[in-house]
1. Got a sec to turn the phi values of region 172-187 into Karplus ³J(HN,Hα) couplings, 6.51 cos²θ - 1.76 cosθ + 1.60 with θ = phi - 60°, whole Hz, x for Gly and Pro?
2. Pulled fully out, how much extra length does the chain show between THR154 and ARG46, if you take 0.36 nm times their separation in residues and subtract their Cα-Cα distance?
3. Which percent of the accessible area of the chain is formed by carbon and sulfur heavy atoms (probe 1.4 angstrom)?
4. Whole number please: convex hull volume per residue of the Cα set in the chain, in Å³?
5. Can you give me the angle between helix 42-52 and the longest principal axis of the chain, using Cα atoms only, in degrees from 0 to 90, rounded to the nearest 10?
6. Just from the alpha-carbon atoms, what are the Rg and Dmax of region 168-260 in angstroms?
7. Once label points are set 7 Å from the Cα along Cα→Cβ at both ALA255 and VAL308, what is their separation, rounded to one decimal in nm?
8. So if I take the alpha carbon set of region 219-325, get Rg, then get Rh from the Kirkwood formula, what is the Rg over Rh ratio?
Amino acid sequence: MNAPCEPATLTENCTSQTFLKDVIEGLSAHPKKLSSKYFYDKNGDRLFQQIMAMPEYYLTQCELDIFKNKTEKLVSAIGFSTPFDLIELGAGDAMKSSYLLEHLCTLDCDFSYMPIDISGNILSVLKENLSEKIPSLNIIPLEGDYFDMLDRATRLSDRRKVVLFLGGNIGNMPPEEALQFCMELRKRLTPGDLLITGFDLKKNPHTVLAAYNDETGITASFNLNLLERMNRELDADFDLDKFKHYQTYDPVSGACRSFLVSLEAQKIHIGNHMISFKENELIDMEISQKFSPEDIQNLAKESWFRIVNEIKDSKEWFVDSIWTV
Ligand code: AVI
């Protein structure tokens with residue numbers, strides 16, 4: 001049995017205990033499954049930066065187009081006659097939102113920026129960079145789980161909230177989980193608050209598939225890196241040459257899925273556990289869901305939000321959808 005977690009000193013242990021528990025549970029399921037939230041160790045972060053720079057991976061450029069070139073539309077959708085807190089879930093380096101922040105400061109808007117991220121390290125880099133770039137910006141970094149930190153933001157301030165959830169990250173949740181997530185967000189917002197979410201739209205299936213099936217193999221390495229992470233952190237013995245990345249896109253459902261295929265029958269050890277693979281057995285690694293306007297409408301409606309505005313990039317491949325309660 002796992003030892004109970006204590007605060008502070010054992011945090012790291014507990015995190016790896018949760019990682020191990022999730023991995024064993026996922027690889028004991030049928031079909032086998034791993035959570036893409038574990039893709040992002042140091043090497044995974046680096047590979048994701050490379051993905052965002054690939055010509056095939058259009059998502060980043062599309063949302064950047066919105067934040068860089070349609071900033072005024074964003075600002076007028078947000079409104080600035082009353083003070084507010086701009087809360088960004090998974091802010092990362094705030095590359096896209098910095099255009100909005102700069103514009104709001106130029107207009108002398110009364111707002112604070114509250115970036116939420118699980119990584120304290122990313123938050124301190126973000127704070128340092130943004131303070132240098134936009135000295136007048138009031139930044140309140142919140143390190144931790146999205147919902148815990150949203151609750152904390154509510155305790156810190158009673159101003160209107162504008163919540164950003166960018167990057168198409170909502171697509172990395174299976175549809176039922178995305179609905180639960182939106183419902184949890186809904187519980188924490190009150191009339192006058194806004195939620196701005198980035199959705200990758202359904203489009204030519206060749207374009208979607210190419211973004212996740214690059215010939216250079218960066219996306220494949222991004223997936224395989226999770227096996228390497230398990231070798232390092234969970235004392236596993238995956239041979240990366242015995243697994244191959246396989247990507248699918250179903251343009252009807254909008255589900256773009258990545259898998260790793262076991263190239264032979266093999267037994268893998270993870271700490272004291274042993275997992276058997278048959279030849280050609282799959283590990284379900286990640287979903288990157290694509291949405292139609294109706295899919296977005298339904299998600300908003302089912303989680304008790306109302307869509308008040310939407311801003312698309314110039315190619316109309318990506319949308320930032322603005323919801324109120
Ligand atoms: C972070 N997320 C929105 C990316 C996506 O497009 O689903 C993760 C990713 N996986 C493979 N390529 C990019």
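The values are calculated or read from the model by the stated rules, or taken from the named source; none is laboratory data. Because the structure is predicted, anything quoted here is derived from the model rather than measured. We place every Cβ from the backbone using ideal geometry, glycine too, and count neighbours over all the protein chains shown. To get the accessible areas, we keep the full protein, side chains included, count just its heavy atoms, and leave off ligands, DNA and RNA. Shrake-Rupley method; radii C 1.70, N 1.55, O 1.52, S 1.80 Å.
1. Residue by residue, region 172-187 yields 7, 9, x, x, 5, 5, 4, 5, 4, 4, 5, 5, 5, 5, 4, 4 Hz.
2. 35.6 nm
3. Carbon-and-sulfur percentage of accessible area, whole number: 52.
4. Cα-based convex hull of the chain, divided per residue, equals 144 Å³.
5. On a 0 to 90 degree scale, this one is about 60.
6. 17.3, 53
7. So the two model labels end up 3.5 nm from each other.
8. Reported Rg/Rh, Kirkwood definition of Rh: 1.16.
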